[in-house]
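These notes concern the structure reproduced below.
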Amino acid sequence: MASKNIVVVFGATGEQGGSVVRALQQNPSFAVRAVTRNLDGKGAQELKKLKTEVVKGDLDDVESLKKAVAGAYGCFLVTNYWEHLDANRELQQGKNVVDACKVAGIKHLVFSGLENTEGSGVAGPVPHFDAKGQIEDYIQKAGISYTSTRLSFYNENFLSFFPPRKIAENKYAVSIPMGNKPLFVISVNDLGPCVAEIFKDPSKYNGKRIGLAGDKLTVDQVCTTFSKHLKPKQFENTKTSHEEFAKFGFPGATELAHMFHFYQLKDNLRDVELTKKLNPKVQSFDAWVEANKDKLNQVMK
């Protein structure tokens, strides 16, 4: 039997990495090596139960990264600005992994990237985008075979950071500052099959920066979809501006307001049709809401 190609997955205990792990495990050509800082953590233990190789690695520790990627065929990298709220640290962490991959001779790197918004006309910096854009450029300059997958606004954000807000009995407000511009959305669970498809034929996607989305719809359409599936609850668009959103005061509000402004300025960032080619089962927003009715109702109690 031919040996399997090892793909190293960073962030394997998180949403993106977990989706990639599950998709790769369904392909007999690949073996997954999951990287985590805490081998005794719950996420690592769950991965071990799935017979996944789990190794220790710290994005701030270059030597641990070299060991993590040694002998591997491919690598999936996701970095997390929100963990430290430090774009410079995120950039350095990305560079650390890229350097380790180059030393190890990794055949293909898939990076969960985003655009660098500098010079786009956006109201202010979007650090969790900008650092990833800089990492993309660093990968390109390093001469490594790579693909960048740029995700859209997660559907799952409505279950966590952006739950509809109750304003009256069975009436809920949705405050996404997009004006009349449509928003690209995707379930984070749909990332994994796209990444697995790229690893199956990396030469086809080498050097490409691919915008992934399952759907494109206005905030009014989001509200209509919620109202359709979550009866008797009804939802309305508060028509919040990005300037108003920036004043909400929670950590990251300003950065997110600038992100939504960037989305308004650039309405062709993602490609639903290409996403469907990579993952024919990618969910529409309508299908996602229907499948997650119970969870949505739970967070809106």
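Key figures for this structure:
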quantity	calculated
Complete set of residues in the range 33-58 that are of a type outside the set (D, E, K, R) and either surrounded by fewer than 17 Cβ atoms within 10 Å (Cβ to Cβ) or under 19 Å from the mean Cα position of the chain (by Cα) (or both)	A34, V35, T36, N38, L39, G41, G43, Q45, L50
Every residue from the range 59-85 that is of a type outside the set (A, V, I, L, M, F, W, C) and over 18 Å from the mean Cα position of the chain (by Cα)	D60, D61, E63, S64, K66, K67, G71, Y73, G74
Filter result (in contact with a strand residue (DSSP E or B) (Cβ under 8 Å, 6 or more places away or on another chain), more than 17 Å from V7 (Cβ to Cβ), of a type outside the set (G, A, S) and surrounded by 23 or more Cβ atoms within 10 Å (Cβ to Cβ)) within the range 62-117	L114
From D294, D271, D267, D286, residue being in contact (Cβ under 8 Å) with a residue 40 or more places away in the chain and loosely packed, with under 14 Cβ neighbours inside 10 Å	D267
Members of the range 105-149 that are among the acidic types (D, E), under 22 Å from L274 (Cβ atoms) and in contact with a helix residue (DSSP H, G or I) (Cβ under 8 Å, 6 or more places away or on another chain)	E115
Within the range 118-142, considering residues that are assigned to a helix (DSSP H, G or I) and of a type in the set (G, A, S), the one farthest from the chain's Cα centre (by Cα)	A142
Residue check, D267 among the charged types (D, E, K, R), at pLDDT below 95 and on the phi < 0 side of the Ramachandran plot	yes
Residue in the range 137-162 that is surrounded by the most Cβ atoms within 10 Å (Cβ to Cβ), counting only those that are charged (D, E, K, R) and farther than 20 Å from G192 by Cβ	D137
Filter result (out of contact with any strand residue (DSSP E or B) (no Cβ under 8 Å at 6 or more places or on another chain) and either under 18 Å from T275 (Cβ atoms) or among the aliphatic types (A, V, I, L, M) (or both)) within the range 178-220	M178, N189, D190, G192, P193, E197, K200, D201, K204
Pairs, first touching a residue at least 40 places away in the same chain (Cβ under 8 Å) in the range 117-131, second of a type in the set (K, R), C-beta under 8 Å, six or more apart	S120/K266
Strands (runs of 3 or more DSSP E) (entirely within the range 1-90) containing at least 2 residues that are touching a Gly at 6+ places or on another chain (Cβ under 8 Å), closer than 23 Å to V188 by Cα and of a type in the set (V, I, T)	5-9, 30-36
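The values are calculated or read from the model by the stated rules, or taken from the named source; none is laboratory data. Since the structure is predicted, the reported quantities are computational estimates derived from the model, not experimental observations. So basically every Cβ, Gly included, is an ideal-geometry build from the backbone, and we count neighbours across all protein chains shown.
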